[in-house]
Amino acid sequence: MEDGEELYAEAGSMMLMKGDIKVRSVIIDVMQERSLIKGLLEALGRKALAGETVFHNVFRGPGEVWLTPGLPGGIEYVELSGDCWTFQDYSYLAHHGDVKLDLAWKGKRGLHFGDLVWLEACGSGGVWVSGYGYVRWVEVPEGEEVVIDNMHFVALPEGARWEVEKFGDLKSFLFGGEGYVVKVRGPTRVLVQTRILPPLAVALARFMPGKLLDLIRPKL
């Protein structure tokens, strides 16, 4: 960052700093709304519904800041030029510029995802988002469409044409392991992640305290 440039990041995401970096912690919703009560309520709403931190750290240059997400995976940069992008829960990492963060309601389509809100970023600047595993851009040309497993979906721009539908026929939907998918029509571009959390949660459940004791008891 050059002298005076600022970066807003999730609390706890800083890995390394170099240079004459100044840091302060803020509730960005209060800054955006110019109202303590309204801003705090919005921040708590994002925390409860989208998994974001209430406080953000603001890094001011000159210097260099390295950030890392909470989950093992990749990071991609989404440029904003007066438009809006919608992101899945927990994918926001940091942003710069004149960007407003808010909750985005999925509507009835969100019922198929198991929740009703995403995170929306609007303005001019850019947002860094993370995903579990690699994060990849998918370009969808005019007249074409892609079908994405709903849990691999990370982000898409405002105005993109998409819908949720069942995977294949009834037998495939019940036993194919995919469930619901997202059909996206071009022209647009979409961010996807190569891995999903449920298998990791199942694997980690084997090592939760009760079972962990069973694993180590023979060594005691």
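The values are calculated or read from the model by the stated rules, or taken from the named source; none is laboratory data. Only a predicted model underlies this, so the values are computations on that prediction, with no experimental measurement involved. In this analysis, Cβ positions are derived from the backbone assuming ideal geometry, glycine residues included, and neighbour counts consider all displayed protein chains.
Using the structure shown, decide if Val78 is surrounded by 13 or more Cβ atoms within 10 Å (Cβ to Cβ), outside any loop (DSSP other than H, G, I, E, B) and modelled with pLDDT of 95 or more.
yes
Hey, does segment 102-114 have a residue that's at pLDDT below 80, of a type outside the set (Lys, Arg) and assigned to a loop (DSSP other than H, G, I, E, B)?
The answer is yes; a qualifying residue exists.
Residues that are hydrophobic (A, V, I, L, M, F, W, C), at pLDDT 80 or above, more than 22 Å from Lys183 (Cβ to Cβ) and touching a strand residue (DSSP E or B) at 6+ places or on another chain (Cβ under 6 Å): does segment 85-98 have at least one?
Step one: list which residues in segment 85-98 are hydrophobic (A, V, I, L, M, F, W, C), which gives 85, 87, 93-94.
Cutting the leftovers down to at pLDDT 80 or above gives us 85, 87, 93-94.
Still in the list and also more than 22 Å from Lys183 (Cβ to Cβ): 93-94.
From what is left, the residues that are touching a strand residue (DSSP E or B) at 6+ places or on another chain (Cβ under 6 Å) are 93-94.
Looking for residues that are hydrophobic (A, V, I, L, M, F, W, C), at pLDDT 80 or above, more than 22 Å from Lys183 (Cβ to Cβ) and touching a strand residue (DSSP E or B) at 6+ places or on another chain (Cβ under 6 Å), one finds at least one in segment 85-98, hence yes.
Among the residues of segment 138-151, are any within 20 Å of Gln193 (Cα to Cα), crowded, with 17+ Cβ neighbours inside 10 Å and at pLDDT below 85?
Yes, there is a match, as at least one residue in segment 138-151 is within 20 Å of Gln193 (Cα to Cα), crowded, with 17+ Cβ neighbours inside 10 Å and at pLDDT below 85.
Regarding segment 165-183, can at least one residue be identified that is at pLDDT 85 or above and surrounded by 16 or more Cβ atoms within 10 Å (Cβ to Cβ)? Step through it out loud before you land on a result.
Going through segment 165-183, the residues at pLDDT 85 or above turn out to be 183.
Right, trim to surrounded by 16 or more Cβ atoms within 10 Å (Cβ to Cβ) and you get none.
No: zero hits.
Return the residues of segment 141-161 that are closer than 21 Å to Tyr90 by Cα and either more than 20 Å from the chain's Cα centre (by Cα) or in a strand (DSSP E or B) (or both); say none if nothing qualifies.
Hits for segment 141-161 are Ile148, Asp149, Phe153, Val154, Ala155, Leu156, Pro157.
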